[in-house]
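The values are calculated or read from the model by the stated rules, or taken from the named source; none is laboratory data. On a predicted model such as this, the values are computed, not experimentally measured, just so you know. Keep in mind that these areas ignore ligands, DNA and RNA; they rest on the heavy atoms of the full protein, side chains included. Shrake-Rupley method; radii C 1.70, N 1.55, O 1.52, S 1.80 Å.
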Amino acid sequence: MPEGRPERSGRTPEGVSGVHLGEIHSGALLNSSGITADTAQGLLRTIPHRTVRVWERPVPQAVSPEVLTGLDCCLPHVRGERVRGIGTVATEIRTTGGRLLQVGTRTVVRPSRDSRRLRWSHYLARPALVETIGRYREEE
């Protein structure tokens, strides 16, 4: 897929097609040896009282609880039209082999069924989904 173009999706969890967007940042943990599972759990504990998932096989990994961030912003449009995006993006942090740290953020963008902004409870009930208000087509 050419750089800068979003990947086209199949379906959102609600069964509606949309554009899947995501970004991953990777970095090496500069340590003389790989970090332990206990250290990884402490490092990735982003939300109190939520569990960090850890497993050892086939490669040791630890994954933080998913963190949702709300957004309400203008989205870029090929013809310069104003398209508003409202919803949430989901972020998780992962260690692999005790030496690699990755942060990934993802969302699905789809047209809203309403022509106005709804209450935040509507958007928070649909994690990792951004709904557009305005003239929006997936091809654009």
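Pulled fully out, how much extra length does the chain show between C73 and T46, if you take 0.36 nm times their separation in residues and subtract their Cα-Cα distance? Each step should come with its number before you reach the end.
On the way: separation 27, 0.36 × 27 = 9.72 nm, distance 2.51 nm.
Between C73 and T46, full extension yields 7.2 nm more.
Less than 5 angstrom separates the built amide H of R45 from none of the residues sequence-distant by 5 or more or on a different chain. Using a probe radius of 1.4 angstrom, the carbon and sulfur fraction of the accessible surface of the chain is 52%.
For the chain, the solvent-accessible area of protein heavy atoms averages 65 Å² per residue (probe radius 1.4 Å; ligands and nucleic acids excluded). Largest accessible area first, the listed residues I86, I35 line up as I35, I86 when surface is computed with a 1.4 Å probe on the assembled protein chains.
Phi-derived couplings, Karplus 6.51 cos²θ - 1.76 cosθ + 1.60 at θ = phi - 60°, listed residue by residue for region 49-55: 6, 10, 8, 8, 7, 9, 8 Hz, with x used for Gly and Pro. Residues in region 37-46 carry Karplus couplings, in order, of 4, 5, 5, 4, 4, x, 5, 9, 6, 8 Hz; the curve used is 6.51 cos²θ - 1.76 cosθ + 1.60 with θ = phi - 60°, and Gly or Pro positions show x. Residues whose amide H falls under 5 Å from that of L100, counting only those 5 or more places apart or on a different chain, are L29, with hydrogens built in the peptide plane.
Quote to one decimal, in nm, the extra length available between R119 and T36 on full extension: 0.36 nm per residue of separation minus the C-alpha distance between them. Don't skip to the answer; put the middle values down first.
Values: separation 83, 0.36 × 83 = 29.88 nm, distance 4.26 nm.
In short, 25.6 nm is gained.
Computed over protein heavy atoms with a 1.4 angstrom probe, the accessible surface ordering of H20, H122, H49, H25, largest first, is H49, H25, H20, H122. Ligands, DNA and RNA excluded, the heavy atoms of L71 present near 40 Å² of accessible surface to a 1.4 Å solvent probe.
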